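> One structure follows; several queries about it will come next.
The values are calculated or read from the model by the stated rules, or taken from the named source; none is laboratory data. What you are looking at is a predicted structure, and each value in this text was computed from that prediction instead of being measured. No Cβ is skipped: glycine too gets one built from the backbone with ideal geometry, and neighbour counts run over all protein chains shown. Surface areas here come from the heavy atoms of the whole protein model, side chains and all, with no ligands, DNA or RNA. Shrake-Rupley method; radii C 1.70, N 1.55, O 1.52, S 1.80 Å.
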Amino acid sequence: MGEVKLFRTWSSPFALRVVWALKLKGVEYETIYEDLANKSSSLLEYNPVHKKVPVLLHNGIPICESLVILEYIDETWNEGVRFLPKDPLARATARFWAKFNDEQVFPSFFRYFMRQGEDQEKAKEKVLENLKFVEEHLKGKKFFDGEVFGFLDLVFGWLVCYPGVINKAINLKLLDEQMFPNLCTWMEQFGDVPVIKETWPDEEALIHKFHKMREGLGIYIYTKLRYEAS
Amino acid sequence: MAKKGEIKLLGTPASHFVNRVQIGLNLKCIDYEFISENLGCKSDLLLKSNPVHQRVPVLLHANEPPLIESLLIIEYIDEIFPDVHPILPRAPSVRAHNRTWAYFIDTQFFPLFEDLRQSPDKKGEEEAKIQIREAAKLLERVFVECSDGKAYFGGDNIGYLDIALGCFLGWITFSETLNNYKVFDETISPRLVEWAKKMRSHEAVKNALPSHDALLKHYSMIQYIKPPRTA
């Protein structure tokens, strides 16, 4: 089905969802790791407007924005496992929750992680409020899409790893079983899927990175977010 | 085809996201009931239909759960009524390209107009206008690439990107008049100038774009709720 390359960073949860999608579809691809402080000329050529990763290059055609890439992968390699549901209403609903994750849940979590003191407490209220919606959406379901995991599980999959690693790094707990029983159960089940289990970034490296981010050292440009300076 | 009364759209006439859905429904020749919301006093129906964001548009189709987010609603109606005026392109790579640029329009282009509105002084206004024109230049390139010499982003007929951007034409005219500038002009975006004329005269679009009075009323409300920043 042609040559596939993935431009990504080693730690980005947005890149990971694309990795999962490619592996689940059995697509062979080449990974090109980007240093966001020193972007390659290829990345700037393939995503000249936003200069962001991940970018999927398929037969020389660049596809940008991870949610767009997920749908592209699902539509292009359309035999075998499908991520998005067939029913148009279920698809629209899945897309909505994906957007909610990318525009609300994840950014609110990032703010919670990067703030301190009273600001952090306010940020925590917001991320908990967002997660309660997600918790409710998971009610009565094994995975977001029902009995079998799919698109939304790939989208929310970052929850399985990143909050836990951040807690280890800076003792910042977010998800507890009493408040989020559905999410915690889902995290265990989705986290057990072999492709998911085998592809997390190195935990020590992530912990080191999160420490650096909190200390304000190093250069880290998180290109997905318009992070407001505190 | 949807039976009369089967589709309801909760919205406000001046919201370009609502207008977006209206254009899509018009193109698909779908009869719908428009339920006007007062955003200062949201109805129980809206709050129940969209508890997460509590905003319009919301599409109610028969007894199905409510649909929210304008671009997602467009994809939905395109999937359930595929035989009338297809909106999204067929090829996955072109669909992906369309979705990416619609995302750009929503997250990078539209907010520039809010930056202009909120500018605290003349200098801020001029900077905002420069940003808008730079974005227009970029959209001109996208148009040239997508249209392939034809009248619309979608080619011969209005497509996804035409709807994504075209819903804002009412506000563009309003902003141009209020701030004495041009968003699309002959020097930097001649193809978009022509495109905008065609869109404004298309039946499906002109019946969806709000009147000047509706825009002025909405603008006045926004100025009151979120006044411009102070210098």
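> For a quick check of your reading of the filter: which GluC sites (Glu not before Pro) in the range A:1-72 sit in a DSSP loop and have no more than 15 other Cβ atoms within 10 Å?
Of the GluC sites (Glu not before Pro), the ones in loops of the range A:1-72 whose Cβ has at most 15 other Cβ atoms within 10 Å are A:E3, A:E28.
> Continuing with this model, one more query. Per residue in the range B:73-97, which ones lose no less than 40 Å² of accessible surface when going from chain alone to all protein chains (1.4 Å probe)?
With the partner chains in place, the range B:73-97 has these residues losing at least 40 Å²: B:Y76, B:E79, B:P92, B:S93, B:A96.
> Among the trypsin sites (Lys or Arg not before Pro) within the range B:1-58, which fall in a DSSP loop and have no more than 13 other Cβ atoms within 10 Å of their own Cβ?
Answer by residue number: B:K3, B:K4.
> Considering only protein heavy atoms and a 1.4 Å probe, what is the carbon-and-sulfur percentage of the accessible area of the protein assembly as shown?
The computed percentage sits at 51.
> Mind checking which of A:P48, B:N179, A:V19 is farthest towards the positive end of the protein assembly as shown's charge dipole, using Cβ charges of +1 (Lys, Arg) and -1 (Asp, Glu) about the Cα centre?
Selected residue: B:N179.
> What percent do you get for the relative contact order of the range B:27-80 when only Cα pairs under 8 Å and 6+ apart count?
Normalised by residue count, the contact order of the range B:27-80 is 19 percent.
> Summarise the long-distance tail of P(r) for the range B:27-141 by giving the % of C-alpha pairs beyond 17 Å.
Pairs farther apart than 17 Å: 69 percent.
> Quick one: accessible surface of B:S119, probe radius 1.4 Å, all protein chains present, in square angstrom to the nearest 10.
We get 10 Å² for B:S119.
> Next question. R0 = 56 Å: FRET efficiency of B:E33 with A:K197, Cβ-based, nearest 0.05?
For B:E33 and A:K197, the calculated efficiency is 0.70.
> Report, to one decimal in Å, the Kirkwood hydrodynamic radius for the range A:56-171 based on all distinct Cα pairs.
The Cα-based Kirkwood calculation yields 15.8 Å.
> Per Stokes-Einstein, at 10 °C and 1.306 mPa s, what whole-number D in µm² s⁻¹ belongs to the range A:109-148, with the Kirkwood radius over Cα pairs as the hydrodynamic radius?
140
> Computed on protein heavy atoms with a 1.4 Å probe, what is the summed buried accessible area for the chain pair A and B, in Å² to the nearest 100?
For A against B, buried area totals roughly 2300 Å².
> Counting helices only, and only those DSSP H runs with n ≥ 4, report the 222 nm mean residue ellipticity of chain A as the sum of -39,500 (n - 2.57) divided by its residues, in deg cm²/dmol to the nearest 500.
Value at 222 nm, helices only, nearest 500: -15000 deg cm²/dmol.
> Tell me, rounded to the nearest percent, the portion of alpha carbon pairs in the protein assembly as shown spaced more than 31 Å apart.
When all Cα pairs of the protein assembly as shown are counted, 46 percent exceed 31 Å.
> Do any residues of the range A:93-122 lose at least 50 Å² of accessible area when the full set of protein chains is present rather than just their chain alone, and if so which, with a 1.4 Å probe?
Hits at the 50 Å² cut-off: A:R95, A:F96, A:K99.
> Round to the nearest 0.05 the FRET efficiency obtained for A:K122 and A:E204 when R0 = 30 Å and r is the Cβ-Cβ distance.
Efficiency at R0 = 30 Å is approximately 0.45.
> Just need the relative contact order of the range B:109-231 here, percent rounded to a whole number, with Cα pairs under 8 Å and 6+ apart.
29
> Rounded to two decimal places and with Rh computed the Kirkwood way over Cα pairs, what is Rg over Rh for the range A:58-126?
Taking Rh as the inverse mean 1/r over Cα pairs, Rg/Rh reads 1.16.
> While we're on this one: Helix-only mean residue ellipticity at 222 nm, chain B, DSSP H runs n ≥ 4 weighted -39,500 (n - 2.57), per residue, nearest 500. What is it?
Value at 222 nm, helices only: -16500 deg cm²/dmol.
> Next up: Could you tell me which of B:L59, B:L45, B:P111 has its Cα farthest along the dipole of the range B:36-141 towards the positive end, charges placed at Cβ (Lys, Arg +1; Asp, Glu -1), taken about the Cα centre?
B:P111
> For a quick size check, give me the Cα extents of chain A along its three principal axes, largest first, whole Å.
For chain A, the Cα extents along the three principal axes come out at 51, 45, 28 Å.
> Using Cα-Cα distances under 8 Å and only pairs 6 or more residues apart, what relative contact order does chain A have, in percent?
Over chain A, the number comes to 20 percent.
> What is the local net charge at B:K206, summed over the other residues whose Cβ is closer than 14 Å to its Cβ (Lys, Arg +1; Asp, Glu -1)?
Net charge in that neighbourhood comes out at +1.
> Which order do you get for B:H212, B:H16, B:H97 if you rank them by accessible area with a 1.4 Å probe, largest at the top?
Largest to smallest exposure gives the sequence B:H212, B:H97, B:H16.
> Placing unit charges on C-beta atoms (Lys and Arg positive, Asp and Glu negative, everything else neutral), compute the dipole magnitude of the protein assembly as shown about its Cα centre in debye, rounded to 20.
Taking the Cα centre of the protein assembly as shown as origin, the dipole is about 720 debye.
> Here is a further query. Could you give me D for chain B, from Stokes-Einstein at 20 °C and 1.002 mPa s, where the hydrodynamic radius is the Kirkwood radius over C-alpha pairs? Units µm² s⁻¹, please.
Translational D for this selection: 117 µm²/s.
> Got a sec? What order do A:M179, A:M114, B:M199 fall in by accessible area at 1.4 Å, biggest, i.e. largest, first?
A:M179, A:M114, B:M199
> Right, next: Hey, with R₀ at 25 Å, roughly what FRET efficiency would A:M179 and B:H53 work out to, going by the Cβ-Cβ distance, to 0.05?
Given R0 = 25 Å and the Cβ-Cβ separation, E is 0.65.
> Still on this model: Express the C-alpha Rg of the range A:1-85 as a ratio against the empirical globular expectation 2.2 N^0.38 Å, rounded to two decimals.
1.03
> Which pairs in the list A:K99/A:K141; B:K42/B:K122; A:K51/A:K122; A:K39/A:K99 are over 28 Å apart, alpha-carbon to alpha-carbon?
Listed pairs above 28 Å: B:K42/B:K122; A:K51/A:K122.
> Obtain the nm distance between the two label points defined at A:A90 and B:E6 by a simple spin-label model: each point lies 7 Å from its Cα along the Cα-to-C-beta direction.
2.1
> For the range A:76-154, run through the GluC sites (Glu not before Pro) and keep only the ones in DSSP coil with at most 15 other Cβ atoms within 10 Å of their Cβ.
Loop-located and lightly packed - A:E79, A:E147.
> Extension gain A:N38-A:E188, at 0.36 nm per residue separation less the Cα-Cα distance, in nm?
Here the segment from A:N38 to A:E188 would lengthen by 50.3 nm.
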